[in-house]
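Since every read-out is calculated from the coordinates, none of them should be taken as a lab result. Here the structure is a predicted model, which means the values were calculated and not measured. Counting neighbours? That spans all protein chains shown, and the Cβs are built from the backbone with ideal geometry, glycine included.
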Amino acid sequence: MTGLKDRIAAELAAVRERSLACTDADDDVLTRQHSSLMSPLVWDLAHVGNYEELWVLREVGGIEPLRPEIDHLYDAFKYPRADRPSLPLLTPAEARKYISGVRGRVLDVLDRLDPADPDPLRAGGFVFGLVLQHEHQHDETMLATLQLSRRPGLVRDGELPPGGAPAADPEVHIPAGIFSMGTDTVAWAYDNERPAHRRHLPGFWIDRHPVTCGAYLRFVEDGGYRDPRWWLPQGWEWVERTGVDAPLFWTRDGDTWWRLRFGREEPVPPDEPVQHVSWYEADAYARWAGRRLPTEAEWEKACGGREYPWGDAGPADLAYRANLGHRAARPAPVGAYPKGASPYGVEQLVGDVWEWTDSWFQPYPGFRSFPYKEYSEVFFGETYRVLRGGSWATHPSAVRTTFRNWDLPIRRQIFAGFRCARSED
Ligand code: AVJ
Ligand code: FE
């Protein structure tokens, strides 16, 4: 079991390197509120350390609070994001010192861990998986904040494989039948992914690839944002109230469409999955196209029942399987990952863009909150829509085919797109 501890230690080091890279900026950039939707970056930085302190040091390690007076500042439920810049937050230097102090003690707790301990926080190193995934999720949130800040230069941007030729059959048929949804066996899966349960689905068709910017542009140019036929009533109300007429960060200049990406203007790339669309936009596009969004059950069935669409093997050969882990700062063109296809031949399910589904974020039958209600349970209901599959910004340890993300149907700053589905005739 030393293999597991070594892996955890390496992953903890890697995620911290990533968080520090996302916050390698002047104090002014870190303490300013770039958008009322987001926290100042320095809040996310100290919050991940505080979360690690609460769960690893206090809960598992039995260690006394290091700085009990700051807990309330980093409780995500205490103050709305818009109010966080006026709180007496740790400065960037204090935050870095605090989180590294926490981390040193966390490594001591890891050293003493017995992964065979049946306590559910300790078994298989669960609590370390919890804090690792939490920090990666906040790193993705920080990237969304940086994108909203419209600042150039802060974000790593590498090469991606080229796209493929247009698919001969752009839709894939998934036959009717029972499949197993969710998991009992993935060690670090969240409570909302559990328990595994059987579901029957009628046969359906699902897009081989996510919807591209080029396809989405046809909806825009066909007057999709001016025609209430395509929109649910609340979606149409949102269009009228906000005046949106294209994905977030898109602008038109004569006949050319541009998109702003981390402070740089670029022509909208026709073959890239569209991102920065709300659930309402995804839903309206699907209706315009004579289709619908897949349910999350359909999306998960299309993955073929493995931890990643291409198999259960970890992300060792990820570079040619999926665009995850912030290799570049954008989705890859469609067709870039034939080796990442699911057994059904559905591509780019994991990575590139989070995919909106038709489903509300609801508990699975037999759900039990663990280790705390505020991770999943307080969000269940008909308020949040489920997203699946992770984006280019998602780390492979923080996504899998059973992973469930959720957000309000108006949200567009996340790296979210979609694919379409349709029922059998
Ligand atoms: C699962 C991405 C919706 O960011 O609100 C971070 C993850 N939970 N800290 C969020 C999370 C607690 C969560 N999402
Ligand atoms: Fe958090």
*For region 93-129, state which chymotrypsin sites (Phe, Trp or Tyr not before Pro) are in a DSSP loop and have at most 11 other beta carbons lying within 10 Å of their beta carbon.*
none
_For a quick check: sort E64, E281 by the number of other beta carbons within 10 angstrom, fewest at the front._
E64, E281
*Net charge dipole size for the chain [Lys, Arg +1 and Asp, Glu -1 on Cβ; Debye, nearest 20]*: 160 debye
*Would you calculate a helix-derived [θ] at 222 nm for the chain, using -39,500 (n - 2.57) for each DSSP H run of n ≥ 4 and dividing by the full residue count, to the nearest 500?*
-9000 deg cm²/dmol
_Furthest towards positive pole of dipole, M38, G61, I99, structure part region 1-104, Cβ charges_ = G61
*Based on Cβ point charges of +1 for Lys and Arg and -1 for Asp and Glu, what charge dipole magnitude is obtained for region 1-130 about its Cα centre, in debye rounded to the nearest 20?*
120 debye
*Over region 21-103: Rg over Rh, Cα atoms, Kirkwood Rh*: 0.97
*Count the lysine pairs in the chain whose Cα atoms lie under 29 Å apart, taking only pairs 8 or more positions apart in sequence or on different chains.*
6
*Got a sec to turn the phi values of region 230-247 into Karplus ³J(HN,Hα) couplings, 6.51 cos²θ - 1.76 cosθ + 1.60 with θ = phi - 60°, whole Hz, x for Gly and Pro?*
8, 10, 5, x, 5, x, 5, 4, 5, 4, 5, 6, 9, x, 5, 9, 5, x
*Tell me, W43, W188, W406, W356 in order of fewest to most beta-carbon neighbours within 10 Å?*
W188, W406, W43, W356
*Hey, what did region 155-425 get for relative contact order, percent, Cα under 8 Å, at least 6 apart?*
29 percent
